[in-house]
1. Tilt of helix 71-93 relative to the longest C-alpha principal axis of the chain, in degrees (0 to 90, nearest 10)?
2. Once a ≥ b ≥ c are taken as the square roots of the eigenvalues of the Cα gyration tensor of the chain, is the result rounded (a/c under 1.5), prolate (a/b larger than b/c) or oblate (a/b not larger than b/c)?
3. Does anyone have the angle between helix 46-65 and the longest principal axis of the chain? Alpha-carbon axes, 0 to 90°, nearest 10?
4. Hey, what angle do you get for helix 5-41 against the long axis of the chain, alpha-carbon based, 0 to 90 degrees rounded to 10?
5. As a test of the formula, what do you get for the chain when each DSSP H run with n ≥ 4 contributes -39,500 (n - 2.57) and the sum is divided by the residue count, at 222 nm and rounded to the nearest 500 deg cm²/dmol?
């Protein structure tokens with residue numbers, strides 16, 4: 001346990017930051033999981049998929065900017081969603 005007053009404050013701050021980070025990561029995982037399930041079941045249309053992808057990109061970019069996730073992790077997530085989006089577009093046009 002901390003011996004100094006400032007370290008107690010740091011402990012409280014870290015607790016809050018850890019909670020916020022966990023919430024952000026969970027939100028990203030939930031959105032991605034939902035979109036992947038809908039895409040696999042073909043229950044999502046092209047427009048809704050694009051809207052969901054934009055939302056995921058926004059969440060991932062914000063998390064990377066705030067150092068909640070690593071920038072390369074963010075790039076990888078965005079790339080995979082973009083690839084899914086492009087495959088969905090190709091299958092709709094064909």
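Only the coordinates and a few stated rules stand behind these numbers; no lab work does. Keep in mind that what you see is a predicted model, and the values were worked out from it rather than measured.
1. For 71-93 against the chain, the angle is about 20 degrees.
2. Values: a/c = 4.52, a/b = 3.19, b/c = 1.42.
Cα axes put the chain in the prolate bin.
3. 20
4. For 5-41 against the chain, the angle is about 10 degrees.
5. Details: 3 runs with 80 residues, N = 94.
So the calculated ellipticity at 222 nm is -30500 deg cm²/dmol.
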